[in-house]
Amino acid sequence: MSAPRYLALCGGVGGAKLALGLSRALAPEALTIAVNNGDDFEHFGLSICPDLDTVTYALAGVDHPVQGWGRDRESWNAFSQLERLGGPAWFRLGDKDIGLHLARRVLLDEGFTLSETSARIARAFGIGHEIAPMTDGRVRTQLDTADGLMPFQHYFVRERCAPSVRGIQYAGAAQSQPSPALRRALDDPRLAGVILCPSNPYLSIDPILALPGVRDALRRLNAPVIAVAPIIGGAAIKGPTAQIMRDLGIPPSAAAVARHYGDLLDGYVTDAADAPAVAEALPELRLLACDIVMRTAEDKMRLARRCLDFISRLGARQ
């Protein structure tokens, strides 16, 4: 019998933590990590892929140990020179990070797709697991704010999430296709489960779900789909999830995130403190209540194993 396969859909910091745990629990051939690249943008002529890079650095063990994004033992010589010369300094790039972006630019200019480029970069970091963008197309998350329509990085980094959000668009999603790795994983008869990592549902997971055919493919699966809550007690574990929900008129809660995913989910992993409210709001949804905060490598592996065990207990869809 063929070994089971798993698919993780994730964004940056929060998703990368669980992706790392899953990579420690599963062999390389058993896991595909499809990463949001709606956050990508062009800066100084370089193609910046924040979520892909965060996941890559995490699995390579070279991510910043405190902030969760960027490189460990980073230096800032190029950026300091840029500031001194009066260049735009709102998006910080360390020297090691710039090296990766230059390598990506070279590969893209040589005609490699983003999927092929990401695979080459992962191999160069010694990563055996498959890290793939959600699409090789150009999808750009844009936020409709009180100050006008903004590309995601302008809202998130330059404006520090200050403008109130009235809506979110995934420009180019309808004209793009799932990446080959994402499509293969969804079509694989050995697929045993899909994990929506604890990433921002609106900014990290929804861009993936906006790609043609992805929602329908998830609904048609025989394998169960689970999500891990990115919120505990009404507060986001990381990032602007709770703030964006409030801006959109949605009270931030683990239950609201589960309701947002709707009929895609067979199971939901939530903090024990939130489980009663989720069970009351969505009595038909199978729950796993446990500690979902991932501070250490052991926390990441423990949560990953709990997710895999939960999928096993849910079993194939009827």
### Summary
With every protein chain in place, the accessible area of TRP90 for a 1.4 Å probe, in Å² rounded to the nearest 10, comes to 70
### Message
On C-alpha positions alone, give me the angle between the axis of helix 114-124 and the longest principal axis of the chain, in degrees, nearest 10.
### Response
90
### Query
Between ASP187 and ASP309, what length in nm is gained on full extension when 0.36 nm per residue of separation is reduced by their alpha carbon distance?
41.7 nm
### Message
Report D for the stretch 75-145 in µm² per second (integer): Stokes-Einstein, Kirkwood Rh on Cα pairs, 25 °C, 0.890 mPa s.
### Response
170
### Query
Once you put a point 7 Å from the Cα of VAL293 and another 7 Å from the Cα of ARG219, both along the Cβ direction, what distance in nm separates them?
3.8
### Query
Helix 297-314 sits at what angle to the longest principal axis of the chain, using alpha carbons and giving 0 to 90 degrees rounded to 10?
40
### Message
Rounding to the nearest 10 and keeping the result within 0 to 90°, find how far the Cα-based axis of helix 50-60 lies from the longest principal axis of the chain.
### Response
70
### Task
Can you check what the Kirkwood hydrodynamic radius comes to for the chain, Cα pairs only, in Å to one decimal?
19.8
### Task
Set the Förster distance to 41 Å, then compute FRET efficiency between LEU149 and GLN67 from the Cβ-Cβ distance, nearest 0.05.
0.90
### Summary
Each label sits 7 Å from Cα toward the beta-carbon; between ALA174 and CYS161 the label points are separated, in nm, by 3.0
### Message
Please list, by residue number, every one of the trypsin sites (Lys or Arg not before Pro) in the stretch 8-108 that is coil in DSSP and has at most 13 other beta-carbon atoms within 10 Å.
### Response
ARG73, ARG92
#### Entry: Over the chain: helical MRE at 222 nm, DSSP H runs n ≥ 4 each giving -39500 (n - 2.57), nearest 500
-10500 deg cm²/dmol
### Task
Percent of Cα-Cα pairs per 10 Å bin, from 0 to the last occupied bin, for the stretch 1-133, please list those.
12, 42, 32, 10, 2, 0, 0
### Message
So, R0 is 35 Å and r is the distance between the beta-carbons of ALA316 and ALA235; what FRET efficiency does that work out to, to 0.05?
### Response
0.50
### Query
To the nearest 20 debye, what is the magnitude of the charge dipole of the chain about its Cα centre, counting +1 on the Cβ of each Lys and Arg and -1 on the Cβ of each Asp and Glu?
400
### Spacing of the two label points (7 Å from each Cα toward its C-beta) at ALA273 and GLN81, in nm
4.8
## Note on the structure
Rounded to 0.05, the calculated FRET efficiency for the beta carbons of PHE44 and GLU280 at R₀ = 51 Å is 0.50
### Message
Quick check on the stretch 11-161: of the DSSP beta bridges with both residues there, what percent are antiparallel, nearest 5%?
### Response
65
### Summary
Counting only DSSP loop positions in the stretch 144-244, the trypsin sites (Lys or Arg not before Pro) whose Cβ has at most 15 other Cβ atoms within 10 Å are ARG160, ARG190
### Query
Largest first, how would THR296, THR135 line up by accessible area (1.4 Å probe)?
THR296, THR135
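The values are calculated or read from the model by the stated rules, or taken from the named source; none is laboratory data. All values reported here derive from a predicted model rather than from experimental measurement. Ideal geometry is used to build each Cβ from the backbone, glycine not excepted, and the neighbour counts take in all protein chains shown. Each accessible area value is taken on the protein alone, full model and side chains, heavy atoms only, with ligands, DNA and RNA left out. Shrake-Rupley method; radii C 1.70, N 1.55, O 1.52, S 1.80 Å.
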